[in-house]
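Engineer: Questions regarding the structure given below will be posed in turn.
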Amino acid sequence: MKKRKLMALALSCVMVCSMTACGGKDTGSDQSASTSTPAPAPAEKEEAPAEKASTTENTDSQTPTGSTQAADITLWTYPIGSWGDSATVDGLIANFNAVYPDIKVTVEYLDYTNGDDQINTAIEGKQAPDLVMEGPERLVANWGAKGLMVDLGDLWTDDAKSLIYDSVQNACKSNDGVFYEYPLCMTAHTMAINRDIFEAADALQYLDEETGTWTTENFQKAVQAVYDYGQTNVGAVYCSGQGGDQGTRALINNLYGGTFTNPEHTEYTANSAENIKALELLKSMDGINFDASIAGGDEINMFCNGTFAMAFCWNVSQEKNNLENISFDALPMAFPSEDGIPQLCGGIWGFGIFDNGDPAKIEAAKTFIDFMANDEKQVVESVKASNYWPVKDLGNIYDGDALMTEYSKFVEYMGDYYQVVGGWAEARTAWWNMLQQVGSGTDVATAVEEFVTTANTAAAQ
Amino acid sequence: MSKNNSMSKALVRRETIAGYAFMLPSLIFFLGFVIYPMVQCVFTSFFDATMNREDIFIGLANYKELFQDKVFLGALKNTVIIVVVSVPVTCIFSLWVSSVIYDLAGPACSAFRCIFYLPVVTGSVAVAVVWKWMFNNYYGIFNYIGTNTGLIEKNINWLGDEKFALGCIILILLTTSVGQPIVLYVSALNNVDQSLVEAAEVDGATKFQCFWKIKWSQIMPTTLYILVITTINSFQCFALIQLLTSGGPNHSTDTIMYYIYYNAFKLYRYGYGNAMGVVLAIIIALLSAVQFKMAESK
């Protein structure tokens, strides 16, 4: 009997312990996350002020703004170049901790498939990260508009405003002028062609390799030449989901000079005659398929493995990430436009701070942003880690890097950053649904009208 | 006598307390992760609830909107098609496989059970990636075999054509659904009273009669369980849709579960998503009740 009681007691203990293990957040769960930089050892902490002074001197750092009060902060980052790579981010945070040893930064790495869900779940569970690295469409138009983010106006000093490009500044603030993002880097999304196939099809004559531009007319001729050469799958207007949708938007907007929104970013304008004409052109072209079974990522893979002769979802990171998979010469190109001067869809990435109600953490997060984006030496390293370009003139930070130099010519073509328009999440879904409708034979004008109605209704809410 | 009675009562009380104590951890989980969310779901469905804003009570407006929402009605239709096709096919196919393999020699039976169970224990992402590759419009194995054998004239965009997409989803769902029913049926068939079967055979019953008159009635509780579980799983089809089609093309593979996810997690319409969840739960409960009733009457 005693044995049984003991056994029962032991079993109960095991069950209670297992419940505890599954239970609430404790320090252990923090440790299970990717902690990029461990808290400095006591000895290091004691030496911090001297070390800080010395590092600041050595790196010609600007005087850090804000408090350096000790705090533990969390940074959640989307895979923006090597900002999604723990080894690189560990190095960046080590630089930060060399100057600010009392601020411990714990990093969580997100992906674009589940990242939004993870953050939204965290917000609902009152566990939002202190810092998040992404673009204005999320930081400003989504979480900022919902009142979840901290106003970063104090980081946007007059100096910062005079240095950061105007188009980037406009993208980082809400319609009522509140800055919810402090930007670090940007890029212009391009398309790419399989130069080997184009050469074999004698289609290189239709494009300007030096500037990476071409006209709509020449684009048509080039696609036809490649198709006639025997490459029946020249390119695909992918539309199985929202992944890489900036490519299809840029393609359609550029062909005849259409726009996605009005200049004030308050209304969707994709039902313009120019966009309708562009969609009708694409639908009629041999070799261009409206494919509802693939999204941007699939298209990139199929371009890299030679299935397609061109990719509409491309930028320098795609080329860097796929160098080993590409057995041909991939030539980056701007999207074709009537006059040959494109308006490329841009990507701007930077930091935002969730308002978790702890002033010390908010200050520490601002210190982190200031260091990463404004410290004269660090900012170059921070930008280089993204594989993109700075949002202010830092000189040629990629001097000697042939690939980055090749892609840098596209930055000047960066067009309006309209992704901060209201109802963005619903509009993105409506966009690829509209492309699917066009692909399956629905009248183009009807399909785009439905898209604009859905998107504008969402924007008005 | 009264002393014995009071001792017995004390014993019963002690055992009851011990029983509840053992149940307590599970009960806490059940209340916290099943009952509380259910109540919360019903409660929230009466509100216009979104992120970082006070909920606004709107009564039955979410439910009213549901039945005017073409996408929801389309998703409901697709879900019903999945259930109507998937549940009987899963049950019939698994019963057929089980009756063939249950009396095989031990290792052979185990091997078949492993093979059919493998897709169940394989992660849905891995399953989806493999099927996506097989259905690929440009170099998928189905198109390769189809065009080379002359079954199809040109490549079919299996997941990108609304005529085929839902069928493809159902096919994948079948492969991941039959594993558990097969294991359960094999076990149930092995538990059928062999003396009854032998007696019937002696009396001249055919194999079909033995199955229908003896085995079928004895495996009815298993069948009921499989019907209910498969129905619920089919109604909750989500991962395959999210990973393969995102509800497209042209909403032809939208299901209620996917539409709930889309509204709750992409559009932050928590109240509306919860209203859909309530409707789905009611439909599943009604169907399960009907299945139980039908099984009882048999």
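Engineer: Among the residues of the range A:154-172, is any within 14 Å of chain B (Cβ to nearest Cβ) and out of contact with any Pro (no Cβ under 9 Å at 6 or more places or on another chain)?
Structural biologist: no
Engineer: Still on this structure: Within the set of pairs 6 or more residues apart or between chains, which connect a residue that is within 14 Å of chain A (Cβ to nearest Cβ) inside the range B:44-66 to a residue that is of a type outside the set (S, T, Y) and open to solvent by 70 Å² or more (accessible area, probe 1.4 Å) with Cβ atoms less than 6 Å apart?
Structural biologist: Listed by first residue and then by second, the contacts come to B:D48/B:I56; B:A49/B:D55.
Engineer: May I pose another question? From the list A:Y398, A:Y417, A:Y413, A:Y388, pick out the single residue that is more than 14 Å from chain B (Cβ to nearest Cβ) and closer than 27 Å to A:K283 by Cβ.
Structural biologist: Unique residue meeting the criteria: A:Y413.
Engineer: Does at least one position in the range A:182-204 carry a residue that is crowded, with 16+ Cβ neighbours inside 10 Å, in contact with an Asp or Glu (Cβ under 9 Å, 6 or more places away or on another chain) and closer than 27 Å to A:F371 by Cα?
Structural biologist: Yes, there is a match, as at least one residue in the range A:182-204 is crowded, with 16+ Cβ neighbours inside 10 Å, in contact with an Asp or Glu (Cβ under 9 Å, 6 or more places away or on another chain) and closer than 27 Å to A:F371 by Cα.
Engineer: Being more than 13 Å from every other protein chain (Cβ to nearest Cβ) and among the charged types (D, E, K, R), is that true of even one residue in the range B:259-272?
Structural biologist: No, because not a single residue in the range B:259-272 is more than 13 Å from every other protein chain (Cβ to nearest Cβ) and among the charged types (D, E, K, R).
Engineer: Now a separate question. If you take the residues of the range A:441-461 that are closer than 19 Å to A:V420 by Cβ, touching a residue at least 40 places away in the same chain (Cβ under 8 Å) and not polar (S, T, N, Q), which of them is surrounded by the fewest Cβ atoms within 10 Å (Cβ to Cβ)?
Structural biologist: A:A459
Engineer: Output the number of residues of the range B:25-40 satisfying the condition of being open to solvent by less than 70 Å² (accessible area, probe 1.4 Å), under 24 Å from A:Q127 (Cα atoms) and within 14 Å of chain A (Cβ to nearest Cβ).
Structural biologist: 2
Engineer: (1) closer than 22 Å to B:L73 by Cβ; (2) within 11 Å of another protein chain (Cβ to nearest Cβ): which one isn't true of B:Q236, the others all being true?
Structural biologist: Condition not satisfied by B:Q236: (2).
Engineer: B:A199 - would you say it is out of contact with any helix residue (DSSP H, G or I) (no Cβ under 8 Å at 6 or more places or on another chain) and at pLDDT below 95?
Structural biologist: Yes.
Engineer: Next up: Looking at B:I152, B:I141, B:I170, B:I182, can you tell me which residue is aliphatic (A, V, I, L, M), open to solvent by 50 Å² or more (accessible area, probe 1.4 Å) and more than 13 Å from chain A (Cβ to nearest Cβ)?
Structural biologist: Result of the check over B:I152, B:I141, B:I170, B:I182: B:I141.
Engineer: What helices (runs of 4 or more DSSP H), lying completely within the range A:289-380, carry at least 2 residues that are in the same structural domain as A:G258 (by TED's automatic domain parsing), in contact (Cβ under 8 Å) with a residue 40 or more places away in the chain and surrounded by fewer than 21 Cβ atoms within 10 Å (Cβ to Cβ)?
Structural biologist: A:316-321
Engineer: Got at least one residue in the range A:133-155 being of a type in the set (V, I, T) and in the same structural domain as A:G81 (by TED's automatic domain parsing)?
Structural biologist: There is at least one residue in the range A:133-155 that is of a type in the set (V, I, T) and in the same structural domain as A:G81 (by TED's automatic domain parsing).
Matching residues to (1) open to solvent by 40 Å² or more (accessible area, probe 1.4 Å); (2) modelled with pLDDT of 95 or more:
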{"site": "A:T121", "(1), (2)": "yes, no"}
{"site": "A:Q127", "(1), (2)": "yes, no"}
{"site": "A:L131", "(1), (2)": "no, yes"}
{"site": "A:V140", "(1), (2)": "no, no"}
{"site": "A:A145", "(1), (2)": "yes, no"}
{"site": "A:L152", "(1), (2)": "no, yes"}
{"site": "A:W156", "(1), (2)": "no, yes"}
{"site": "A:D166", "(1), (2)": "yes, no"}
{"site": "A:S174", "(1), (2)": "no, no"}
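Engineer: Okay, next question. Please find, within the range A:93-126, the residue that is nearest to the other protein chains (Cβ to nearest Cβ) out of those that are within 19 Å of the chain's Cα centre (by Cα) and of a type in the set (A, V, I, L, M).
Structural biologist: So the residue we want is A:I119.
Engineer: Okay, moving on. If you go through the range B:220-230 one residue at a time, do you hit one that is surrounded by fewer than 17 Cβ atoms within 10 Å (Cβ to Cβ), more than 14 Å from every other protein chain (Cβ to nearest Cβ) and farther than 21 Å from B:I82 by Cα?
Structural biologist: yes
Engineer: Within the range A:394-412, identify whether any single residue is in the same structural domain as A:D130 (by TED's automatic domain parsing), buried (at least 16 other Cβ atoms within 10 Å of the Cβ), in contact with an Asp or Glu (Cβ under 9 Å, 6 or more places away or on another chain) and not in a helix (DSSP H, G or I), and answer yes or no.
Structural biologist: no
Engineer: Taking the criterion of being modelled with pLDDT of 95 or more, surrounded by 21 or more Cβ atoms within 10 Å (Cβ to Cβ) and under 27 Å from the mean Cα position of the chain (by Cα), would at least one residue in the range A:214-232 satisfy it?
Structural biologist: Yes; the residues of the range A:214-232 include at least one that is modelled with pLDDT of 95 or more, surrounded by 21 or more Cβ atoms within 10 Å (Cβ to Cβ) and under 27 Å from the mean Cα position of the chain (by Cα).
Engineer: If we keep just the residues of the range B:255-274 that are more than 22 Å from A:G423 (Cα to Cα) and in a helix (DSSP H, G or I), which is least open to solvent (accessible area, probe 1.4 Å)?
Structural biologist: B:I256
Engineer: Only residues that are more than 10 Å from chain B (Cβ to nearest Cβ) and in contact with a Cys (Cβ under 9 Å, 6 or more places away or on another chain): list them for the range A:276-308, please.
Structural biologist: Within the range A:276-308, A:G296, A:G297, A:E299, A:I300, A:F303 qualify.
Engineer: Given (1) closer than 30 Å to B:G271 by Cα; (2) open to solvent by 70 Å² or more (accessible area, probe 1.4 Å), where does B:E65 come up short, assuming only one miss?
Structural biologist: Just one mismatch for B:E65, condition (2).
Engineer: Let me ask something additional. Looking at this structure, is A:G422 touching a residue at least 24 places away in the same chain (Cβ under 8 Å) and within 14 Å of another protein chain (Cβ to nearest Cβ)?
Structural biologist: Taking the combined requirement at face value, the residue satisfies it.
The values are calculated or read from the model by the stated rules, or taken from the named source; none is laboratory data. Since we're looking at a predicted model, the values are computed, not measured. All Cβ positions, glycine included, derive from the backbone under ideal geometry; neighbour counts span all protein chains shown. Keep in mind that these areas ignore ligands, DNA and RNA; they rest on the heavy atoms of the full protein, side chains included. Shrake-Rupley method; radii C 1.70, N 1.55, O 1.52, S 1.80 Å.
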